[in-house]
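Participant: I am attaching a structure below and will ask some questions about it afterwards.
The values are calculated or read from the model by the stated rules, or taken from the named source; none is laboratory data. Here the structure is a predicted model, which is why all the values come from computation and not from measurement. We place every Cβ from the backbone using ideal geometry, glycine too, and count neighbours over all the protein chains shown. Accessible surface areas use protein heavy atoms only, side chains included; no ligands, DNA or RNA. Shrake-Rupley method; radii C 1.70, N 1.55, O 1.52, S 1.80 Å.
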Amino acid sequence: MHPRTILYAFLLTAVSVEAPAQIVADTVFVHGKVWTENPQQPQAEAVAILGNRIAAVGSSTAILKLAGPSTKLIDLGGKRVLPGFNDAHVHFVAGGTSLASVQLGDTKSEAQFRQRIADYAKNQPKGAWILEGEWDHERWSPARLPTHQSIDDVSADNPVFVSRLDGHEALANALAMKLAGVDKDTKDVPGGVIVRDADGNPTGIFKDAAQGLIERVIPPANQQQLRVSIEAAEKYAAENGVTSVQDMSAAPDTLRVYEALYHEGKLTVRISGRQPLQSWKRLAGPGIQANFGSESLQIGGLKGFADGSLGSTTAWLFQPYVDAPNSSGIPSDELSKPDEMYANIRDADKAGLQVAIHAIGDRANNAILNFYERAERENGPWPAGTERRFRIEHAQHLIASDIPRFARLHVIASMQPYQCIDDGRWAEKRIGPERLKTTHAYRSMLDAGATLAFGSDWPVAPMVPLMGIYAAATRRTLDGKNPNGWVPEQKIKVAEAVHAYTVASAFAEGEEAVKGEIAPGKLADLVVLSDDILHIDPVKIEHTRVEMTIFDGKIVYQRP
Ligand SMILES: [Zn+2]
């Protein structure tokens, strides 16, 4: 049992609905349709909150008895209530930064891409870097990668390094390459690709580890800039009903800002921050283990990389790409030294830290499952009262025989359903029809008994859990070409997707004892929706809105 569960047992017994007169709630929500995710009491009408905890769940009549003169009473008018969403995979600072940076995600052509950069650059001080952007050349026709020549003349005074939406490749302009000292003579780096023209000159596109060649000259954001990004990200989270995020790139500088915001009472989302796998000793040294920290801010998780992405043809596959027959993708920089990577996984696990590895291609997933299997065998079970929770981030393309291994090895699949309706537009041309059957294989994974935790990978995809639920339940691709679903056998039920965004994502971070359910004693994180997504046609979830977000017992967002 999680140690905190014992602490809350007191609260739980003190406020059961059978003894209502004992407490006066701070807030009561009545006349709603509450989907609790608590198997003991799956549905209810009303919820009472005391402090930052759920005090009682029950009928409106029972819960109203907990209201006193000072209690805030909210009539839900029959609206659907769910536990607050927990996005299991985000890049919170990059996301927050992207909200304020040049917006390239919806550009429909290279010309429009160029124009957006031109317009944005006009308003930037000379020398300021232009970053993020989240462009996607798969939306253009022809779907051709841009080059530095397409933007040099409109960004002469500003170094540009704008990312493709998956973060696995980025376009530099000539000035950025000059500042980084990158030219024809620069050698490729392991786990990365410098795309070159016929004469060997870099085109401006840097894939995976090669992005580091440019990144190393980008000045790091200062504390004030980080704060602006994080506050923008928090606001966006609240608007979308997200009350917890698992930040895959919580660098030390970022943690400092989270900590400051927490002490100022300005943190409106719970954060579980991860550090790079290779840096595990930095955490293990002072004795940090999984779930170190508080309910608001935790460290103790690590993230490594096994490969790149399908969109950048760097996902590592067993068989070649259909549209790039000479390539099967590439293992990451880390995985290209497999013994060293394995040792990091094994030793971090032995130190009680939680390991999560990004793996997209089937070969990358297979390699990591093998590592996890071996580490479990060599390290044995975790000490009593704790539980190893290995994770694979994305688990996007799998060979059929690896699907049951997630359940057997207790490896959590942390997946991002929005990417299925996004990649579904073009994935077939990359990997052909056969491999599609085990791509974003939600149904097969659940049927095999695996734990699915859902997230967005924001800013790769919008941090909008309702769109993730819509995607998992309908698999209707963004281009409208698959009205009955892309690989429809892999659709899952709305309730299953809600579970993956609440309880299961709490489990994936080891916090299921305190959140993910609307139950007495749990943290008071809730979301109220405009429609009853559990009963409407899943296709309509696309238009469902968040009406209200409650975090830590307080309303942090209300739809105007
Ligand atoms: Zn990610």
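Participant: How about the stretch 146-163: which of its residues are surrounded by 18 or more Cβ atoms within 10 Å (Cβ to Cβ) and closer than 18 Å to residue 115 by Cβ? I'd like the intermediate steps shown before the answer.
Facilitator: If we filter the stretch 146-163 for residues that are surrounded by 18 or more Cβ atoms within 10 Å (Cβ to Cβ), which is where we start, we get 146-148, 150-151, 154-155, 158-163.
Of everything in the stretch 146-163, those that are surrounded by 18 or more Cβ atoms within 10 Å (Cβ to Cβ) and closer than 18 Å to residue 115 by Cβ turn out to be 146, 147, 148, 150, 151, 154, 155, 158, 160, 162.
Participant: If you scan the stretch 95-115, which residues turn out to be free of Cβ contacts under 8 Å to residues at least 60 places away in the same chain and of a type in the set (Gly, Ala, Ser)? Write out each step before concluding.
Facilitator: Residues of the stretch 95-115 that are free of Cβ contacts under 8 Å to residues at least 60 places away in the same chain, as a first pass: 101, 103-104, 106-115.
If the condition is that a residue be free of Cβ contacts under 8 Å to residues at least 60 places away in the same chain and of a type in the set (Gly, Ala, Ser), then 101, 109, 111 are the ones that fit.
Participant: May I ask you to list the residues in the stretch 160-192 that are within 12 Å of residue 214 (Cβ to Cβ), assigned to a loop (DSSP other than H, G, I, E, B) and either in contact (Cβ under 8 Å) with a residue 40 or more places away in the chain or of a type in the set (Phe, Trp, Tyr) (or both)?
Facilitator: 189
Participant: Can you give me the number of residues within the stretch 379-412 that are within 16 Å of the ligand (Cβ to nearest atom) and out of contact with any Ser or Thr (no Cβ under 6 Å at 6 or more places or on another chain)?
Facilitator: 4
Participant: Taking residue 310 and the conditions (1) out of contact with any Ser or Thr (no Cβ under 7 Å at 6 or more places or on another chain); (2) surrounded by fewer than 24 Cβ atoms within 10 Å (Cβ to Cβ); (3) not small (Gly, Ala, Ser), which numbered condition does it fall short on, given that it satisfies the others?
Facilitator: Of (1) out of contact with any Ser or Thr (no Cβ under 7 Å at 6 or more places or on another chain); (2) surrounded by fewer than 24 Cβ atoms within 10 Å (Cβ to Cβ); (3) not small (Gly, Ala, Ser), only one is false for residue 310: (2).
Participant: Please specify each residue of the stretch 125-145 satisfying the condition of being open to solvent by less than 50 Å² (accessible area, probe 1.4 Å) and either over 30 Å from the mean Cα position of the chain (by Cα) or more than 26 Å from residue 313 (Cα to Cα) (or both).
Facilitator: 127, 128, 129
Participant: Then there's this: If you check 353, 409, which single one turns out to be crowded, with 22+ Cβ neighbours inside 10 Å, touching a helix residue (DSSP H, G or I) at 6+ places or on another chain (Cβ under 7 Å), closer than 22 Å to residue 300 by Cβ and not small (Gly, Ala, Ser)?
Facilitator: Details: 409 fails: crowded, with 22+ Cβ neighbours inside 10 Å.
Of 353, 409, the one residue that is crowded, with 22+ Cβ neighbours inside 10 Å, touching a helix residue (DSSP H, G or I) at 6+ places or on another chain (Cβ under 7 Å), closer than 22 Å to residue 300 by Cβ and not small (Gly, Ala, Ser) is 353.
Participant: Here's a check for you: in the stretch 164-178, which residue that is within 16 Å of the ligand (Cβ to nearest atom) and open to solvent by 10 Å² or more (accessible area, probe 1.4 Å) is nearest to residue 195 (Cα to Cα)? Reasoning before the result, please.
Facilitator: Taking the stretch 164-178 and keeping what is within 16 Å of the ligand (Cβ to nearest atom), we get 164-170.
Filter once more, keeping what is open to solvent by 10 Å² or more (accessible area, probe 1.4 Å): 165-168.
On the way: 165: 18, 166: 17, 167: 16, 168: 13 Å.
So, considering only residues that are within 16 Å of the ligand (Cβ to nearest atom) and open to solvent by 10 Å² or more (accessible area, probe 1.4 Å), the one nearest to residue 195 (Cα to Cα) is 168.
Participant: Moving to a separate point now. Conditions: (1) away from the ligand (no atom under 16 Å from the Cβ); (2) farther than 15 Å from residue 307 by Cβ. Residue 371 meets all but one. Number of the miss?
Facilitator: (2)
Participant: Still on this structure, please answer the following. Can you report the number of residues in the stretch 227-247 which are open to solvent by less than 10 Å² (accessible area, probe 1.4 Å) and out of contact with any Ser or Thr (no Cβ under 6 Å at 6 or more places or on another chain)?
Facilitator: The total comes to 8.
Participant: Name the strands (runs of 3 or more DSSP E) wholly inside the stretch 466-560 in which the number of residues that are open to solvent by 50 Å² or more (accessible area, probe 1.4 Å) is 1 or more.
Facilitator: Numbers: elements: 526-529, 546-551, 554-558.
In the stretch 466-560, 554-558 are the strands (runs of 3 or more DSSP E) which contain 1 or more residues that are open to solvent by 50 Å² or more (accessible area, probe 1.4 Å).
Participant: Of a type in the set (S, T, N, Q), away from the ligand (no atom under 16 Å from the Cβ) and touching a residue at least 12 places away in the same chain (Cβ under 8 Å) - does that describe any residue in the stretch 480-491? It would help to see each step written out before you state the result.
Facilitator: Of the stretch 480-491, the ones of a type in the set (S, T, N, Q) are 482, 484, 490.
Next, only the ones that are away from the ligand (no atom under 16 Å from the Cβ) stay: 482, 484, 490.
Still in the running and touching a residue at least 12 places away in the same chain (Cβ under 8 Å): 482, 490.
So far as the stretch 480-491 goes, yes, one or more of its residues are of a type in the set (S, T, N, Q), away from the ligand (no atom under 16 Å from the Cβ) and touching a residue at least 12 places away in the same chain (Cβ under 8 Å).
Participant: While we're here: With respect to residue 349, is the statement that it is of a type in the set (Asp, Glu), within 16 Å of the ligand (Cβ to nearest atom) and under 23 Å from the mean Cα position of the chain (by Cα) true?
Facilitator: Values: of a type in the set (Asp, Glu): yes; within 16 Å of the ligand (Cβ to nearest atom): no; under 23 Å from the mean Cα position of the chain (by Cα): yes.
No: the conditions fail for residue 349.
Participant: Moving on to the next point. Considering 127, 181, 200, 167, which residue is within 30 Å of residue 418 (Cα to Cα) and out of contact with any Phe, Trp or Tyr (no Cβ under 6 Å at 6 or more places or on another chain)? Spell out the reasoning first.
Facilitator: Working: 127 fails: within 30 Å of residue 418 (Cα to Cα); 181 fails: within 30 Å of residue 418 (Cα to Cα); 200 fails: within 30 Å of residue 418 (Cα to Cα).
Exactly one of 127, 181, 200, 167 is within 30 Å of residue 418 (Cα to Cα) and out of contact with any Phe, Trp or Tyr (no Cβ under 6 Å at 6 or more places or on another chain), namely 167.
Participant: Pairs needed: first member in the stretch 116-144, free of Cβ contacts under 8 Å to residues at least 24 places away in the same chain; second member anywhere, not acidic (Asp, Glu) and not in a strand (DSSP E or B); C-beta distance under 8 Å; at least 6 residues apart or different chains.
Facilitator: Close Cβ pairs satisfying both conditions: 116/102; 116/103; 116/104; 116/107; 120/101; 120/102.
Participant: Name the single residue, out of those in the stretch 441-462 being in a strand (DSSP E or B) and within 14 Å of the ligand (Cβ to nearest atom), that is surrounded by the most Cβ atoms within 10 Å (Cβ to Cβ).
Facilitator: 454
Participant: Please determine, by comparing only the residues of the stretch 113-155 that are of a type in the set (A, V, I, L, M) and touching a strand residue (DSSP E or B) at 6+ places or on another chain (Cβ under 9 Å), which one is nearest to residue 429 (Cα to Cα). Break it down stepwise before answering.
Facilitator: First pass over the stretch 113-155, keeping only residues of a type in the set (A, V, I, L, M): 117-118, 121, 128, 130-131, 143, 145, 151, 154.
From the residues that got through so far, the ones that are touching a strand residue (DSSP E or B) at 6+ places or on another chain (Cβ under 9 Å) too are 117, 121, 130-131, 145, 151.
On the way: 117: 29, 121: 35, 130: 32, 131: 29, 145: 16, 151: 28 Å.
Checking each candidate, the answer is 145.
Participant: For residue 99, indicate whether it is open to solvent by 10 Å² or more (accessible area, probe 1.4 Å), within 15 Å of residue 459 (Cβ to Cβ) and in a helix (DSSP H, G or I). Quick ask: steps written out before the conclusion?
Facilitator: On the way: open to solvent by 10 Å² or more (accessible area, probe 1.4 Å): yes; within 15 Å of residue 459 (Cβ to Cβ): yes; in a helix (DSSP H, G or I): yes.
Yes.
Participant: Among the residues of the stretch 389-406, what is the count of those that are small (Gly, Ala, Ser) and open to solvent by 10 Å² or more (accessible area, probe 1.4 Å)?
Facilitator: Step one: filter the stretch 389-406 for residues small (Gly, Ala, Ser), giving 395, 400-401.
Then keep just the ones that are open to solvent by 10 Å² or more (accessible area, probe 1.4 Å); that gives 400-401.
Matching residues across the stretch 389-406 total 2.
Participant: Looking at the stretch 379-391, can you tell me whether even one residue there is over 23 Å from residue 511 (Cα atoms) and of a type in the set (Gly, Ala, Ser)?
Facilitator: no
Participant: Quick one: in the stretch 60-94, which of the residues that are polar (S, T, N, Q) and open to solvent by 50 Å² or more (accessible area, probe 1.4 Å) is nearest to the ligand (Cβ to nearest atom)?
Facilitator: Applying the first criterion (polar (S, T, N, Q)) to the stretch 60-94 yields 60-61, 70-71, 86.
Now drop any that are not open to solvent by 50 Å² or more (accessible area, probe 1.4 Å), which leaves 61, 70.
Values: 61: 46, 70: 44 Å.
That would be 70.
Participant: Which condition number does residue 378 fail, the rest of (1) surrounded by fewer than 22 Cβ atoms within 10 Å (Cβ to Cβ); (2) under 13 Å from residue 307 (Cα atoms) being met?
Facilitator: (2)
Participant: Quick test for you: out of 250, 233, pick the one residue that is within 16 Å of the ligand (Cβ to nearest atom) and assigned to a loop (DSSP other than H, G, I, E, B).
Facilitator: On the way: 233 fails: assigned to a loop (DSSP other than H, G, I, E, B).
The unique qualifying residue is 250.
Participant: On to the next question. If residue 42 meets every condition in (1) touching a Phe, Trp or Tyr at 6+ places or on another chain (Cβ under 8 Å); (2) touching a residue at least 12 places away in the same chain (Cβ under 8 Å) apart from one, which number is that one?
Facilitator: Result: residue 42 passes all but (2).
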